[in-house]
Amino acid sequence: MGNPTDAVSGQPQNGRTITFAPGDRVELTAEPPDYGRYALAAGDRGVVEFTDSLGTIHVHWKTGVHVGIIAELAGLLRRADALGGSA
């Protein structure tokens, strides 16, 4: 995943792996541990900007912050499109 435009796979959810690509709208399903300084909370939505070479999913959140979710926590993200709402 050396190219920052590559999609990244999240953790399996309901028996399937979720893949996020730039432009995907996502929702945070739980507050990530050790992310308190970014004021992210369950239910926050944003748009995937890119994925870096380490698998961090960089998101522009509706709260105005640009914060990446590390690959190990990708399971805390789900597609907002599937919820019928906008990010």
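Just name the residue that is farthest from residue 75 (Cα to Cα) out of those in segment 42-65 that are in contact with a strand residue (DSSP E or B) (Cβ under 7 Å, 6 or more places away or on another chain) and of a type in the set (A, V, I, L, M). Ranking the qualifying residues of segment 42-65, first place goes to 47.
Being surrounded by 15 or more Cβ atoms within 10 Å (Cβ to Cβ) and not in a strand (DSSP E or B) is the filter here; which residues of segment 38-61 pass it? Scanning segment 38-61 gives 38, 40, 44, 52, 55, 56.
Taken together, the values in this text are just the output of simple stated rules run on the coordinates, not laboratory data. In this text the structure is predicted, and so the values were computed from the model without any measurement. Because the Cβ atoms are built from the backbone with ideal geometry, glycine has one as well, and the counts that use them run over all protein chains shown.
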